[in-house]
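Data first, discussion second: the structure below is written as structure tokens.
The values are calculated or read from the model by the stated rules, or taken from the named source; none is laboratory data. The model shown is predicted, which means the values in this text are computed figures rather than measured ones. A quick note on method: Cβ atoms are made from the backbone with ideal geometry, for glycine too, and the neighbour counts reach across all protein chains shown. Surface areas here come from the heavy atoms of the whole protein model, side chains and all, with no ligands, DNA or RNA. Shrake-Rupley method; radii C 1.70, N 1.55, O 1.52, S 1.80 Å.
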Amino acid sequence: MEKLKSLLRNPGGRLFLITEENVDVLVMPLLEAEEEEIAAIPRLVIPAGEENKTIERAQQIWEWLLENGASRSDTLICVGGGMLTDIGGFAAATFKRGMRHVNIATTLLAAADASVGGKTGVNMGGVKNCVGAFSMPLFTEVYAPAFATLPEAEMLSGYGEMLKTAMIGEPGMLPRLLEPETLLADTALLGEIASECARIKMRIVESDPFEKGPRKVLNLGHTFGHALESLCMEKGRPVPHGVAVAHGLLFMMVMARMKGVGGSMLYSFADRVVKPLMKVPPVMCGDYARLLGLMHADKKNDGPGEVKFVLLTDAGEPLIDVPVDDATVEAAIDIYRDMGF
Ligand SMILES: NC(=O)c1ccc[n+]([C@@H]2O[C@H](COP(=O)([O-])OP(=O)(O)OC[C@H]3O[C@@H](n4cnc5c(N)ncnc54)[C@H](O)[C@@H]3O)[C@@H](O)[C@H]2O)c1
Ligand SMILES: [Zn+2]
């Protein structure tokens, strides 16, 4: 937490802090015990949960900043998971045309993914991240002690995204990630690896800040993962995002094998990670058409009768925009189901 310490000592303007109700109860007392200056910073606590990532909540943040006399030279400290860092970053990016913000990540997903990269925003009209802005935080800190209170679903969600990032950016990290029992019980180690994932994401984002091309590698596992996530939601059996992503990574390995470019980890990944931990309702015969429809609806995919995937080769090199025809996608779903999913 060196960067936070240094900001607290030299704020270069006034500091404001926003968080949400769960983090306020579970994490803020720990943080205040470590950094006593934090208790004196004006704080707004908003309700927790994705349903509060709205323009009305953003307005509440703007009004609170205004009432407290915040200016463009001040800094908003956003403490929480991805929901909080998304809305906090957005409120800061737009208040008086942009004040600085910093993120203190308290979930594994935020630490490894959501709190870095500069995408901020809120949901609207049922569309996720419908309104937002690209705005880089001044810095992000990972507060690993917070992971001790994370519910299991949140833990697995972050873990799924960490697997993805390691696969595309640093395959050498995988052996440590493929020991989930050891890893998920060790908050300090999780914090270390999540920070490494965040650095990998930043490296990729910096090469393509507005998502024109190379950043697409971050969608590894997400074409099938998003479709499966939506399907499970429609069945009334929602699964955590990162769990669906882990299945998407497995599915990507099936296709990489079918195309003869990769997938050598397929069975070890299935046995060590997906089968024991990443539980989802099974895909049924009647689900193929819906899954394909959802993959086609994915905004990154164009071309009739084909779906574009990111595939990882055995050399650790991701291939982006690989077109796969519908018949091959269906055959890959067959293999995925034959593996016991
Ligand atoms: N900006 C990006 O690049 C990006 C990338 C991925 C995801 N996201 C966004 O991130 C959000 C999902 O992130 P998330 O899973 O962190 O969501 P979240 O912030 O809603 O946190 C999940 C749950 O964990 C609770 N929580 C947070 N910290 C805790 C702690 N230390 N102990 C116990 N409970 C805690 C929260 O109150 C909430 O109930 C979504 O809104 C998604 O759109 C953004
Ligand atoms: Zn994701």
Looking at L30, L4, L26, which one is away from ligand 1 (no atom under 13 Å from the Cβ) and either farther than 13 Å from V102 by Cβ or in contact with a strand residue (DSSP E or B) (Cβ under 9 Å, 6 or more places away or on another chain) (or both)?
-> L4
Evaluate the range 35-49: report whether one residue or more is modelled with pLDDT under 95 and either open to solvent by 20 Å² or more (accessible area, probe 1.4 Å) or not assigned by TED's automatic domain parsing to the domain that holds N129 (or both).
-> yes
Kindly indicate whether E37 is within 10 Å of ligand 1 (Cβ to nearest atom) and either in contact with a Lys or Arg (Cβ under 9 Å, 6 or more places away or on another chain) or not in a strand (DSSP E or B) (or both).
-> no
Would you mind finding the one in L108, L84, L76, L138 that is within 16 Å of ligand 2 (Cβ to nearest atom), touching a helix residue (DSSP H, G or I) at 6+ places or on another chain (Cβ under 9 Å) and closer than 23 Å to M1 by Cα?
-> L108
Of residues in the range 76-125 being among the charged types (D, E, K, R), part of a helix (DSSP H, G or I) and away from ligand 1 (no atom under 13 Å from the Cβ), the one nearest to W64 (Cα to Cα) = K96
Working only within the range 72-81, note down all residues that are of a type in the set (G, A, S) and open to solvent by less than 40 Å² (accessible area, probe 1.4 Å).
-> G80, G81
Write out, first by first residue and then by second, each pair whose Cβ atoms fall under 8 Å of each other, whose residues are 6+ apart or on separate chains, and whose first residue, in the range 235-246, is without any contact (Cβ under 8 Å) to a residue 60 or more places away in the chain while the second is open to solvent by 40 Å² or more (accessible area, probe 1.4 Å) and outside any helix (DSSP H, G or I).
-> V239/K279
Among the residues of the range 270-282, write down those that are closer than 28 Å to G236 by Cβ and either more than 23 Å from the chain's Cα centre (by Cα) or assigned to a helix (DSSP H, G or I) (or both).
-> A270, V273, V274, K275, P276, L277, P282
How many residues, within the range 121-131, are more than 16 Å from ligand 2 (Cβ to nearest atom) and touching a residue at least 24 places away in the same chain (Cβ under 8 Å)?
-> 3
Result of the Cβ filter at 7 Å on the range 95-117, keeping first residues that are surrounded by fewer than 24 Cβ atoms within 10 Å (Cβ to Cβ) and partners that are of a type in the set (A, V, I, L, M, F, W, C) and assigned to a strand (DSSP E or B), at least 6 apart or interchain, is M99/L76
Within the range 293-305, residues open to solvent by less than 40 Å² (accessible area, probe 1.4 Å) and on the phi < 0 side of the Ramachandran plot come out as G293, L294, M295, D298, N301
Say we look at the range 306-327 and pick out the residues that are β-branched (V, I, T) and either touching a Lys or Arg at 6+ places or on another chain (Cβ under 8 Å) or in a strand (DSSP E or B) (or both); which of these is most open to solvent (accessible area, probe 1.4 Å)?
-> I320
Mind telling me which of the residues R290, R199 ends up being open to solvent by 50 Å² or more (accessible area, probe 1.4 Å) and either away from ligand 1 (no atom under 15 Å from the Cβ) or touching a Phe, Trp or Tyr at 6+ places or on another chain (Cβ under 8 Å) (or both)?
-> R290
Given the conditions (1) more than 14 Å from the chain's Cα centre (by Cα); (2) buried (at least 22 other Cβ atoms within 10 Å of the Cβ), and given that G158 satisfies all but one, which numbered condition is not satisfied?
-> (1)
Does the range 180-195 contain at least one residue that is away from ligand 1 (no atom under 12 Å from the Cβ), closer than 18 Å to L250 by Cβ and in contact (Cβ under 8 Å) with a residue 24 or more places away in the chain?
-> yes
